[in-house]
Amino acid sequence: EVEEARAKLGELDLEVQQKTNRLAEVELRLKDSLAEKAQEEERLSRRLRDSQETIASLKSQPPQVKYIIKTVEVESSKAKQALCESQSRNQYLQEQVGMQRQVLKEMEQQLQSSQKTAAQLRAQIMLYEAELERAHGQMLEEMQAMEDEKNRAIEEAFSRAQVEMKAVHENLAGVRTNLLTLQPALRTLTNDYNSLKRQVRDFPLLLQETLRSARSEIGQAIEEVNSTNRELLRKYRRELQLRKKCHNELVRLKGNIRVFGRVRPITKEDGVGAEAASAVTFDPDDDAVLHLLHKGKQVSFELDKVFPPKATQEDVFREVQALVTSCIDGYNVCIFAYGQTGAGKTYTMEGTAANPGINQRALQLLFAEVRSKAADWDYAISVSVAEIYNEALRDLLGKEPQEKLEIKLCPDGSGQLYVPGLTEFRVQSVEDINKVFELGHVNRATECTNLNEHSSRSHALLIVTVRGLDHSTGLRTAGKLNLVDLAGSERVGRSGAEGSRLREAQYINKSLSALGDVIYALRSRQGHVPFRNSKLTYLLQDSLSGDSKTLMMVQV
Ligand code: ADP
Ligand code: MG
């Protein structure tokens, strides 16, 4: 800082010097200007004097002089102008001088302040120098103290090192003795290492040996598991057969042929009043009894189950669904709707779009069951739709529905029946079923002039075949579900019908009584069952005999 202050002081000195020089210069110029001005003034006053003298002399000789006066006057005005100019110039110069003086004064002030600053700086420099001196002294003292400290530390470290050295020497001696005792241990380690090396060399051989024995053990285990599996499979098959037998027994105990009754709600056509309302009555404690009022007398019927008018399609289906699913297990099933025209046969079997009947519900249930068993079984569900009118069997899904089909014995000697040319459609969804039903309806409608009348005089059949294959056992099953909407059971013939109506009535009576005969023969376990007496019973022979199950839904 002192150095800096000194440099600044030098600069300031130089500046002062320069300013002094400039001041001297300005003073010199000022002096020159003043001198010049004085000269000019003098010259002009001299000329004025001369002119005045000339004028005076000229005035004394007036005649010819007037002109001259005039001239002089003219000249004097010129001189006046010059004077004026000089005066203004003089004025300007004086202003300049004033200004220069001002500058001078300012410079002097600056000079003074610079000198004051310089004096202050000098004082500060002095202060700093003193401080510097003091600091230097202190530093010297501190250095001395540090030197002393260092010497002391060195001495201490030296003595400590000597002590440590001694300890290390002692340790070394201990390590030497340890080393002597470690040598035998090293020898045993070397031995161990060598034996390990040998073992590593022998390891692949050992491994192969172990692998061989492990393999044979695993093979044995697999063999055991396989034989257990075979045993389990055998037991499973036996269980399956046992289940079937038990089921059969159960059905047999319940009876392979069941008769349900369904009473539809009363309509206007049934008549009104107390008589109509009490024509059919039920036993609140027994859902298997039906009372009919006939000519003032009550007649009671005992069935397997009676559905009152308030029973819904779901209620009815709940009672028949066990029958439906049994065809997945390979049973043949027949469900008939029997009753007079208008008693609700078609409602029970087909139902309405909003409230479908057994046909559609059965197929939906079959789809659901098949899906739930898909892990073990492959199932194929196919349907045929046929009609029997005047003892002629027609395929309602075929290209030529008017063609009459024959029922034939299978040529393989199995005693099974089949219908050559009967169309079978594979179905997988509700949409498929609806398409099939639609086609059946269309074909049936194109065949007749009055569908209602026609349908009441023919039997409509929906034949569902379910074929299954169990992946694990290779077991195959085939079950058939026959859903039959029978022709109206009213006795047309007695009311004096003629011609085609009479023939229709005869056919209907014949086939319905043939069905009755077959059912009766089956139920009373007769040796001979007259299946061949009608197309219907002949077609359904394999679904009515053996361990087949039959349900007759009597519509009232
Ligand atoms: P069928 O086929 O025996 O000649 P329908 O099934 O055609 O008789 O039934 C005749 C009428 O009665 C139809 O309009 C049908 O909708 C109606 N019907 C039949 N049963 C019921 C029932 N359980 N609930 C409501 N309506 C029914
Ligand atoms: Mg009908």
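The values are calculated or read from the model by the stated rules, or taken from the named source; none is laboratory data. Since we're looking at a predicted model, the values are computed, not measured. For neighbour counting, all protein chains shown are included, and Cβ atoms are generated from backbone atoms with ideal geometry for every residue, glycine included. Each accessible area value is taken on the protein alone, full model and side chains, heavy atoms only, with ligands, DNA and RNA left out. Shrake-Rupley method; radii C 1.70, N 1.55, O 1.52, S 1.80 Å.
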Which one of these is of a type outside the set (Asp, Glu), within 16 Å of ligand 1 (Cβ to nearest atom) and touching a residue at least 12 places away in the same chain (Cβ under 8 Å): PHE307, PHE301?
PHE307
Unmet requirement for GLY527, which otherwise passes all of (1) assigned to a loop (DSSP other than H, G, I, E, B); (2) open to solvent by less than 20 Å² (accessible area, probe 1.4 Å)
(2)
Answer yes if at least one residue in the stretch 494-501 is open to solvent by 10 Å² or more (accessible area, probe 1.4 Å), away from ligand 1 (no atom under 16 Å from the Cβ), part of a helix (DSSP H, G or I) and on the phi > 0 side of the Ramachandran plot, and no otherwise.
yes
What about SER455, is it modelled with pLDDT under 90 and either under 25 Å from LYS345 (Cβ atoms) or not in a loop (DSSP other than H, G, I, E, B) (or both)?
yes
Filter pass, GLU3 being open to solvent by 90 Å² or more (accessible area, probe 1.4 Å), assigned to a helix (DSSP H, G or I) and without any contact (Cβ under 8 Å) to a residue 40 or more places away in the chain:
yes
Does any residue of the stretch 458-466 turn out to be in the same structural domain as TYR331 (by the TED database) and more than 27 Å from LEU409 (Cβ to Cβ)?
no
Of the listed residues (GLU424, GLU504), the one being more than 16 Å from ligand 1 (Cβ to nearest atom), of a type in the set (Asp, Glu) and under 19 Å from ARG394 (Cβ atoms) is GLU424
Just checking, does the stretch 312-331 include any residue being touching a Leu at 6+ places or on another chain (Cβ under 9 Å), within 16 Å of ligand 2 (Cβ to nearest atom) and touching a residue at least 40 places away in the same chain (Cβ under 8 Å)?
no
Take the residues in the stretch 530-556 that are out of contact with any Ser or Thr (no Cβ under 9 Å at 6 or more places or on another chain) and among the charged types (D, E, K, R), then tell me which one is surrounded by the fewest Cβ atoms within 10 Å (Cβ to Cβ).
ARG532
Listed by first then second residue, the pairs whose first member lies in the stretch 342-359 and is free of Cβ contacts under 8 Å to residues at least 40 places away in the same chain, whose partner is assigned to a loop (DSSP other than H, G, I, E, B), with beta carbons under 7 Å and at least 6 positions apart or on separate chains, are GLY351/GLY357
In the stretch 257-278, what residues are of a type in the set (A, V, I, L, M, F, W, C), away from ligand 1 (no atom under 15 Å from the Cβ), within 21 Å of ALA311 (Cα to Cα) and at pLDDT 85 or above?
VAL259
Can you tell me which residues in the stretch 383-418 are of a type in the set (D, E, K, R) and touching a Leu at 6+ places or on another chain (Cβ under 6 Å)?
GLU387, ASP395
Name the residue that is surrounded by the most Cβ atoms within 10 Å (Cβ to Cβ), counting only residues in the stretch 459-493 that are part of a strand (DSSP E or B) and of a type in the set (S, T, N, Q).
ASN482
